Amino acid sequence: MTRIETAEVVVTSPDRNFVTLRLTTDEGLVGLGDATLNGRELAVVSYLRDHVVPLLIGRDPHRIEDTWQFLYRGAYWRRGPVTMAAIAAVDVALWDLKARAAGMPLYQLLGGASRDGLLAYGHASGRDLPELFDSVRDHLEQGYRAIRIQTGVPGLKTIYGVASNARSAEPTGADDGGRYDYEPAGRGPQPQEEDWDTPAYLRHLPTVFEAVRHEFGPELPLLHDGHHRMTPIQAAKLGKSLEPYDLFWLEDCTPAENQQGLRLVRQHTTTPLAIGEVFNTVWDYQTLVSEQLIDYVRSAVTHTGGITALRKILDFAAQYQIRSGIHGPTDISPVGMAAALHLDLAIHNFGIQEYMKHGARTDEVFRQSFRWEDGLLHPGDEPGLGVTLDVDGAGKYPYVQAYLPYNRLSDGTVHDW
Ligand code: EZ4
Ligand code: CO
C-alpha cells in the first residue's frame with residue numbers, strides 16, 4: 001500500500017452512538033479507528049470531516065508517527081478531547097492498515113504477546129445490597145475474575161454507575177438483549193439531572209464494601225469508581241476507610257486535572273489509585289506519574305491520541321511501576337476496545353482491562369475476533385485489529401442525540417458527575 005485513497009467518517013447508533021474513521025488504500029485495504037466522544041460525538045465528526053480527512057487523502061499510510069506529529073503539531077492548537085479523539089482515530093486506523101498489510105494481528109507489530117490473556121473487570125451494581133449481590137453473582141457466573149462495585153446511596157435518587165438492568169439474567173426488553181446494561185448517556189434533547197451528597201456517600205460506601213467482603217470473601221479483586229466527585233481531603237478519608245476491604249483500586253477519587261491534589265490523597269492512604277479516563281495527553285500525567293501518586297493509568301486509546309500516544313504514556317508509567325487499566329466502557333466502540341486489547345497484550349506493565357459487553361446490534365455492525373474465555377480477554381489472531389465494519393448495517397442506525405447526566409447538590413449547586 002502506498003497511499004490513502006478514501007477516508008470516511010461513519011456515524012452509527014446500533015445500541016448507542018459510535019463514530020468510526022474508515023480509511024481505504026490504493027491496494028483496497030481497509031483500516032478502522034474509533035473517534036467516539038460520549039455526548040459530544042458530532043464535534044469530532046466535524047473535526048475529522050472538515051479538517052482532517054482532506055489532509056489524509058494521498059498520504060503514505062505507513063507513516064504512522066509522522067502523521068501523528070503532523071496532526072498534533074500541525075494543528076497548532078494542542079490537546080483537548082475533540083482533537084485527541086480525532087488524532088486517535090487516524091492513528092488506530094493506520095495501525096490497523098499496517099498490521100493488515102503485514103498479515104499479522106496488531107499485537108505482533110507492537111512487540112508480540114507478553115501474556116496469554118488479559119484480566120478483565122466487569123461492572124456490578126445495585127440500588128441496594130440484595131440487588132448488588134445478585135449482580136456480583138451474575139458476573140461471577142459469566143466468568144469475571146474482578147468486579148467493580150457501585151451502589152445507590154440512601155437518600156439519593158439516581159447516581160452514577162448503578163445500572164437500570166443490573167442482572168443479565170433478567171431481560172427487560174428487546175433493546176438491552178438481556179445483558180447487564182449500564183449506559184449513562186440518555187437519549188433526548190436535554191441531559192438528565194441527578195442528585196449528589198458527598199458526606200452521605202462517604203458514610204455509606206464502607207458499609208457496602210464490608211458487606212461485599214463478608215459475602216464474597218477476601219480474594220475477589222474489587223474496584224470502585226469515585227467519578228471525580230470528591231475533594232482531596234474527602235478522597236483521602238474514603239481511601240483510608242476502604243483500606244480494610246483491600247480494593248484493587250479506587251478510581252477517579254478527585255477531578256485530577258489538579259494533579260497536585262493527589263499528593264494529599266496519597267499521603268493518607270494505601271488504597272491503590274487509578275486515574276485518567278478524561279485525560280488526553282501525557283502532560284496530564286506528568287506530576288501523577290513522576291511523583292508516583294497513582295497506581296493505574298485509566299486512559300482510553302480513543303481519547304488519548306491512539307496507540308502511538310498511549311503506548312508512550314504507559315512506557316513512561318512503567319518506569320515508576322505504574323500499570324495500565326485501559327478505559328473500556330460501552331462508549332468505547334468495538335474498534336477502540338480491540339485497539340486496547342492489542343496494546344494490553346503487548347506491553348509489559350499491563351494491569352487490568354475494563355470490559356463491558358456491547359449490545360447485540362453493535363456486535364452485528366462491528367464484527368469482532370476477540371475471545372473472552374475463563375475470565376480472560378484476548379484480541380484474537382486475525383490480521384490488523386480484527387474488527388470489520390458493516391457499512392450498510394451501520395447506515396440502518398442514524399445518530400441519536402444523547403447527553404451524559406449531570407449532578408446538582410440539594411441546594412441546587414452543579415456538582416461533578
Ligand atoms: O462514565 O465512559 O470507569 N468508567 C467510567 C465510565 C464513564 C463513561 C462516560 O462516557 O467512568 O462509565
Ligand atoms: Co471511570
Express the Stokes-Einstein translational diffusion coefficient of region 118-382 in µm² s⁻¹, to the nearest whole number, given a Kirkwood radius over alpha-carbon pairs, 25 °C and a viscosity of 0.890 mPa s. 130 µm²/s
Using +1 on the beta carbon of Lys and Arg, -1 on that of Asp and Glu, and nothing else charged, what's the dipole of region 1-69 about the Cα centre, debye to 20? 180 debye
Taking a cut-off of 23 Å between Cα atoms, list the lysines near LYS357, but don't count ones fewer than 8 places away on the same chain. LYS396
So for the chain: antiparallel DSSP bridges make up what percent, rounded to the nearest 5? 50 percent
Gap separating the Cα centres of region 72-138 and region 296-372, nearest whole Å: 2 Å
Summing -39500 (n - 2.57) over every DSSP H run of at least 4 in the chain, dividing by its residue total and rounding to the nearest 500, the 222 nm mean residue ellipticity is -10000 deg cm²/dmol
Among VAL208, ILE149, HIS268, which residue has its Cα furthest toward the positive end of the charge dipole of the chain, with +1 on Lys/Arg Cβ and -1 on Asp/Glu Cβ? HIS268
Overall form of region 4-105 per C-alpha gyration tensor (a/c, 1.5; a/b vs b/c): oblate
To check you understand DSSP bridge types, tell me what percent of the beta bridges within region 274-409 (both residues inside) are antiparallel, rounded to 5. 40 percent
Checking the cross-link filter: which lysines have an alpha carbon closer than 30 Å to that of LYS240, excluding same-chain neighbours under 8 positions apart? LYS157
Give the separation of the Cα centroids, region 9-58 to region 255-284, in Å. 31 Å
Note the angle between two axes, namely the Cα long axis of helix 334-346 and the longest principal axis of the Cα atoms of the chain, as a number of degrees from 0 to 90, rounded to the nearest 10. 80 degrees
Compute the acute angle (0 to 90°) between the alpha-carbon long axis of helix 198-216 and the principal axis of greatest extent of the alpha-carbon atoms of the chain; round to the nearest 10°. 90 degrees
Starting from the Cα gyration tensor of region 264-417, take the square roots of the eigenvalues, sort them a ≥ b ≥ c, and report rounded, prolate or oblate (rounded when a/c is under 1.5, otherwise prolate if a/b is larger than b/c, else oblate). oblate
Quick check on packing: order 10-16, 88-94, 196-202 by the mean number of other C-beta atoms within 10 Å, highest mean leading. 88-94, 10-16, 196-202
Magnitude of the Cβ-charge dipole of region 373-417, K/R +1 and D/E -1, about the Cα centre, nearest 20 debye? 400 debye
Treating the beta-carbon of each Lys and Arg as +1 and of each Asp and Glu as -1, no other charges, what is the dipole magnitude of the chain about its Cα centre, to the nearest 20 debye? 860 debye
For the chain, whose charge dipole is built from +1 on Lys and Arg Cβ atoms and -1 on Asp and Glu Cβ atoms, the candidate among HIS227, PRO61, TYR182 with its Cα farthest towards the positive end is PRO61
Which of SER135, HIS378, HIS415 sits farthest toward the positive end of the charge dipole of the chain, with +1 on the Cβ of Lys and Arg and -1 on the Cβ of Asp and Glu? HIS415
Region 232-306 - convex hull of alpha carbons, volume per residue in Å³: 72 Å³
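Each reported figure results from applying straightforward, stated rules to the coordinates on display, with no laboratory input. Just so you know, these numbers come straight off a predicted model, no measurement behind them. Note: ideal-geometry Cβ built from the backbone for every residue, glycine included; neighbour counts use all protein chains shown.
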